Amino acid sequence: MSLHIFKKNRGFTLVETIFYTFGLIILLGAMSAFMYYMYDWYQRTTVGPRTDRIGVSLVDRIAKDIRSGTAINSGQSSFATNNGVLSFDANVNSTILTKRFALTNNRLTYQEAGVPISYLSPSDINVTRFYVVSTSTPVSKGIKFDIDLTYLTRANGSTTQTYSGFVILRQSY
């Protein structure tokens, strides 16, 4: 009597391999679309609010410094342009200092008493407009300013937010 041992063939056929590869491609495509959606959602929920915090802090910082102002240096300031410059004298601890805000290389800069320029805005958020208008009454002087912050988004390309402030120089009256 002869004994026959049957071995089962192991491995996949070509049709099974193509079928499984196609299924894997569909699964990876769905996962990639989901990751893209999640990244866009993450960007909308973090970059927008971060830009709001930066815009509000810039307005607060500029307003705080302008309030201490005594006089506006009209010759060194640039009003009613998108690349505005604001220079004014401020009374700090009984010392008159010249303070200057300007838009340089898409960043808001600050300079006080000739000290080297410091950047107030981060490098990843562009300040695309710093618009300054001087107003005066017989009693006081004021500054109205607008700051446009632009950041890149995956869905919309770029988004621009405008932040405004109006401040009266307290020591001008």
### Task
For every helix of n ≥ 4 consecutive DSSP H residues, a contribution of -39,500 (n - 2.57) applies; sum these over the chain, divide by its total residues, and give [θ] at 222 nm rounded to the nearest 500 deg cm²/dmol.
-11500 deg cm²/dmol
### Query
Farthest toward the dipole's positive end in the chain, which of Ile66, Tyr37, Pro138, given Cβ charges of +1 (Lys, Arg) and -1 (Asp, Glu) about the Cα centre?
Tyr37
#### Entry: Tensor-based shape of segment 74-149 (alpha-carbon gyration tensor, a/c under 1.5 rounded, otherwise prolate or oblate)
oblate
### Query
With the contact rule set at Cα under 8 Å and sequence spacing of 6 or more, what percent relative contact order holds for segment 74-148?
25
### Task
With θ set to phi - 60°, apply the Karplus curve 6.51 cos²θ - 1.76 cosθ + 1.60 along segment 30-38 and write out the HN-Hα couplings as whole Hz, x wherever there is a Gly or Pro.
5, 5, 5, 5, 5, 5, 4, 4, 5
### Query
How high is the relative contact order of segment 19-99, in percent, with contacts defined as C-alpha pairs under 8 Å that are six or more residues apart?
17
### Task
Send over a whole-number figure in Å² for the accessible area per residue of segment 81-121, probe 1.4 Å.
51
### Message
Explain nothing, just compute: Karplus ³J(HN,Hα) = 6.51 cos²θ - 1.76 cosθ + 1.60, θ = phi - 60°, for every residue of segment 129-142 in order, whole Hz, x for Gly and Pro.
### Response
7, 10, 9, 10, 10, 9, 10, 8, 10, x, 9, 8, 10, x
### Query
What is the packing order of peptides 103-109, 77-83, taking the mean over residues of other C-beta atoms within 10 Å and listing the highest first?
103-109, 77-83
### Task
Any chance you could count the Lys pairs in the chain whose alpha carbons are under 18 Å apart, treating pairs 8 or more apart or on different chains as valid?
5
#### Entry: Peptides ranked, highest mean first, by Cβ atoms within 10 Å: ranges 84-91, 118-125, 13-20
84-91, 118-125, 13-20
### Summary
Whole-Å distance linking the alpha carbon centroid of segment 17-55 with that of segment 99-173 is 35
## Note on the structure
Sorted on mean Cβ neighbours within 10 Å (highest first), peptides 25-33, 37-45, 142-150 come out as 142-150, 37-45, 25-33
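The values are calculated or read from the model by the stated rules, or taken from the named source; none is laboratory data. Keep in mind it's a predicted model, so treat the numbers as computed, not measured. Cβ: placed from backbone, ideal geometry, glycine included. Neighbour counts: every protein chain shown. Ligands, DNA and RNA are stripped out before the accessible areas are found, and what is left, the full protein with its side chains, is counted by its heavy atoms. Shrake-Rupley method; radii C 1.70, N 1.55, O 1.52, S 1.80 Å.
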